[in-house]
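Let me begin by presenting the structure, written as structure tokens, before commenting on it.
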There are 2 protein chains.
Amino acid sequence: MAVAELKPSNTMTHLHSSSQLSLLSKRRLITHHVSISSRTLRKTLSARISCSIAPNEVRVPNVQTQEPKSKPECYGVFCLTYDLKAEQETRSWKKLINIAVSDHEIRPKEPKVLASGEVFGPDQPIALKLLGSERSFQALEGVAMELEDSLFPLLREVSIGVDPYEVFQDADWALLIGAKPRGPGMERADLLDINGQIYAAQGKALNAVASRNVKVVVVGNPCNTNALICLKNAPNIPAKNFHALTRLDENRAKCQLALKAGVFYDKVSNMTIWGNHSTTQVPDFLNARINSLPVKEVIKDHKWLENEFTEMVQKRGGVLIKKWGRSSAASTAVSIVDAIRSLVTPTPEGDWFSSGVYTNGNPYGIAEDIVFSMPCRSNGDGDYELVKDVIFDDYLRQRIAKTEAELLAEKRCVAHLTGEGIAFCDLPGGDTMLPGEM
Amino acid sequence: MAVAELKPSNTMTHLHSSSQLSLLSKRRLITHHVSISSRTLRKTLSARISCSIAPNEVRVPNVQTQEPKSKPECYGVFCLTYDLKAEQETRSWKKLINIAVSDHEIRPKEPKVLASGEVFGPDQPIALKLLGSERSFQALEGVAMELEDSLFPLLREVSIGVDPYEVFQDADWALLIGAKPRGPGMERADLLDINGQIYAAQGKALNAVASRNVKVVVVGNPCNTNALICLKNAPNIPAKNFHALTRLDENRAKCQLALKAGVFYDKVSNMTIWGNHSTTQVPDFLNARINSLPVKEVIKDHKWLENEFTEMVQKRGGVLIKKWGRSSAASTAVSIVDAIRSLVTPTPEGDWFSSGVYTNGNPYGIAEDIVFSMPCRSNGDGDYELVKDVIFDDYLRQRIAKTEAELLAEKRCVAHLTGEGIAFCDLPGGDTMLPGEM
């Protein structure tokens with residue numbers, strides 16, 4: 001893979017000497033910021049440099065080789081071990097799969113849907129491993145109790161824990177939802193650093209103890225770059241196995257096109273979200289189809305497509321939070337389920353789905369070595385292929401270039417977390433966090 | 001049906017004269033309380049009398065005969081009318097069913113599960129009609145937006161409104177979740193009155209505009225008596241069609257028995273919850289089975305069954321709220337789905353489920369004309385039959401008598417809402433609200 005060598009800029013903060021570094025590595029990592037007062041400079045590059053760890057420490061990700069610790073704590077009725085092959089009614093079931101879920105704020109939504117059989121089918125027994133924090137451990141027990149009381153027949157094991165090296169053990173799927181929300185006055189660079197550290201740690205843990213073919217779905221924002229950090233810290237797991245969730249954007253785009261065209265949403269297909277799960281995302285109306293026809297043939301109002309449509313998709317979360325007083329948790333949960341289902345069931349003939357995946361030999365000319373949402377197809381084995389027969393025009397190319405530039409800037413900003421040198425934050429101007437998701 | 005004539009007690013508050021009543025009926029109904037200071041009296045009967053409407057006004061429930069108003073407002077993409085018979089892929093589907101959901105605090109959980117096809121099957125298109133209040137209308141729009149963004153293929157119509165006479169129109173199912181939570185210092189009698197008024201109004205609306213065979217599931221607490229009030233105000237709908245949700249209790253009881261016996265929860269069957277969805281409920285370990293054997297043969301610790309088991313089931317919600325900081329919304333949603341699924345799929349041979357249903361010729365000797373949780377079986381057509389082959393012992397009889405007495409007292413306390421005379425509140429002592437559900 002071709003990684004552009006990033007040279008330290010002359011605006012960089014002075015780095016710690018190596019003796020300081022070894023000391024630091026034994027303590028809690030800290031973050032340094034250097035503010036540059038020049039207003040002109042501020043406009044062209046965000047004058048903040050986040051550096052929580054020295055580059056040489058992570059150039060080769062620190063692959064933990066220690067023996068995995070004891071199993072995470074099983075919960076209540078799920079501590080009963082149970083031979084699925086011994087029982088008449090479960091003998092034909094598939095082998096138990098391990099699904100790890102990490103969440104910053106523990107919610108029972110996603111575990112519940114995964115346990116219900118809706119995603120993996122009625123013959124797929126499931127073990128859920130829930131990762132929380134010391135602070136949220138009681139809530140984690142609450143989720144486990146709710147799962148007990150729900151009597152999901154396919155849910156055969158539930159374990160809870162606060163150590164990713166325990167919880168991720170043998171995980172076949174990892175659903176990484178947890179991310180710190182942006183606090184007041186916090187800039188995107190700070191958020192990238194704070195959440196990036198979480199995802200670096202979880203990547204290392206996955207690398208050490210998860211199944212060698214674990215599929216990872218990153219939901220916590222900024223999810224593309226979090227997924228990149230995670231995969232860079234898990235060099236023994238194929239980079240192709242990491243996904244950043246852009247499915248809610250895809251679903252919203254389909255709904256808005258359906259509304260405009262006056263058709264039901266199941267008539268919209270081939271919807272791609274290109275790029276970053278941010279306001280630079282590109283909902284692709286050039287390749288999307290309505291009743292198998294190109295969108296532009298059905299919706300003649302091309303001005304609407306170029307201007308309002310994209311904005312409506314992006315701002316949906318913000319409108320919702322205003323109406324609703326809370327973020328779009330229900331439709332997010334649905335889109336997580338959709339994303340996983342798309343990987344475990346064959347994609348319908350001629351259609352595709354969007355997922356933020358690692359660019360490594362992509363046919364679209366998009367920069368390599370980032371996590372970029374692109375059109376995918378799956379034969380249902382958990383893997384995917386990129387779709388080849390998509391077309392581009394100048395408008396689409398320009399938009400894609402913009403979201404690509406943002407992702408490359410985000411990548412430079414977290415270089416200290418991916419083992420690729422010294423972080424340099426020159427995020428493009430403007431706030432590109434999706435409203436309702438900060 | 002045999003309705004005991006209830007005579008006004010001499011502890012009753014003085015009632016309004018008929019001239020005052022007609023004036024009152026034009027205004028908002030008000031509630032009068034008379035407190036009796038005697039502490040001794042307080043112990044034997046709750047010295048509060050709730051009377052929000054005079055008996056002669058409701059003795060024959062006021063059946064609204066007005067023409068139903070315009071349809072409730074359809075939402076966004078769901079306003080597109082769509083001929084399911086015209087499309088190849090939907091032609092084999094069943095006829096659209098209308099599901100009304102009322103909720104005090106609008107949550108997308110239940111609508112989402114109903115829309116997903118999980119309950120009614122993959123060929124059953126669904127129209128959801130959501131009832132909110134003026135105050136919650138924006139949140140209602142938020143729920144509709146979340147449903148739009150979820151792209152459920154079976155969800156063909158969503159409409160939202162604040163008038164039950166609009167929203168309940170042609171409803172095949174009504175899921176009544178809304179109930180005011182108990183405020184500080186509010187006694188059970190007050191709660192019965194406040195929520196009873198909501199359920200009286202909703203019963204009248206169902207009676208006027210819903211499908212003549214609508215199935216009603218009451219979740220809002222106190223759900224048994226709310227269901228009784230609702231059915232009494234809907235005399236043109238079979239009383240048998242009303243259910244009070246005790247399924248979460250059943251699920252919790254199964255889980256606790258499984259835990260004690262060291263088996264997985266799918267090995268526990270024939271679990272009845274008798275009576276009221278309150279702390280007087282009776283989880284029946286005499287008739288329940290583990291691996292097809294009577295529970296008492298599997299769990300030899302009969303002291304545990306008699307003392308701790310029941311308490312653990314009842315207190316589960318309280319323990320959860322303590323761990324979790326919120327009420328058991330996730331497992332409640334699952335249990336609502338379980339309850340509906342039990343009515344639309346045939347009950348497995350030899351098993352049964354619990355539901356709070358109207359007692360009218362029951363084979364157990366339980367008082368008639370109340371809503372009492374009992375063992376039911378269904379052939380999957382939405383209807384049910386009571387199970388005949390259950391056994392009783394003294395312990396079970398005593399417990400059932402206690403919860404029966406409570407329900408009869410609750411009924412007397414809401415007589416003004418069921419058209420059966422003047423309310424007289426002599427609720428048995430002690431707080432029987434289930435913890436975590438106030």
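The values are calculated or read from the model by the stated rules, or taken from the named source; none is laboratory data. Remember, it's a predicted structure, so these values are computed and weren't measured experimentally. Ideal geometry is used to build each Cβ from the backbone, glycine not excepted, and the neighbour counts take in all protein chains shown. These area figures cover heavy atoms from the full protein model, side chains too; ligands, DNA and RNA do not enter into them. Shrake-Rupley method; radii C 1.70, N 1.55, O 1.52, S 1.80 Å.
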Report, largest value first, the span of the C-alpha coordinates of the stretch A:339-421 along each principal axis, in whole Å. 41, 32, 19
The stretch B:134-180: C-alpha gyration tensor shape, a/c 1.5 cut-off, then a/b vs b/c: oblate
Kirkwood Rh and Cα Rg combined as Rg/Rh, the stretch B:168-295: 1.07
How much solvent-accessible surface does A:Val101 expose, in Å² to the nearest 10, with a 1.4 Å probe and all protein chains in place? 10 Å²
Compute the distance from the alpha-carbon center of the stretch B:338-414 to that of the stretch A:221-268, in whole Å. 48 Å
D_trans [Stokes-Einstein, Kirkwood Rh over alpha-carbon pairs] for the stretch B:158-205, 10 °C, 1.306 mPa s, µm² s⁻¹: 130 µm²/s
Which distances in nm, rounded to one decimal and ordered from shortest, link the label point of A:Gly183 to the equivalent label points in the other identical copies, with labels set 7 Å from Cα toward Cβ? 3.8
Can you pull the accessible area of A:Glu89 for me, 1.4 Å probe, Å² to the nearest 10? 100 Å²
May I ask you to report, in nm to one decimal and beginning with the shortest, the distances from B:Leu84 to the same position in the other copies, taking label points 7 Å along Cα-to-Cβ? 3.4
Suppose you put the label 7 Å out from Cα in the Cβ direction; list, shortest first and in nm with one decimal, how far A:Ala401 is from each other copy's label. 8.7
Would you jot down the residues in the stretch B:308-346 that end up with at least 30 Å² less accessible area in the complete protein assembly than in the chain alone, with a 1.4 Å probe? B:Arg316, B:Leu320, B:Lys323, B:Trp324, B:Arg326, B:Ala330, B:Ser331, B:Val334
Taking only Cα atoms of the stretch A:73-244, radius of gyration then Dmax in Å: 16.3, 59
Closest approach to the axis - chain A beta-carbon, rotation onto B, Å: A:Glu118, 3
Just want to confirm a number: the relative contact order over the stretch A:88-207, from Cα pairs under 8 angstrom separated by 6+ residues, in percent. 31 percent
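Calculate the all-directions average of the projected area of the stretch B:247-407's alpha-carbon convex hull, and give it in nm².
Result: a mean projected hull area of 9.2 nm².
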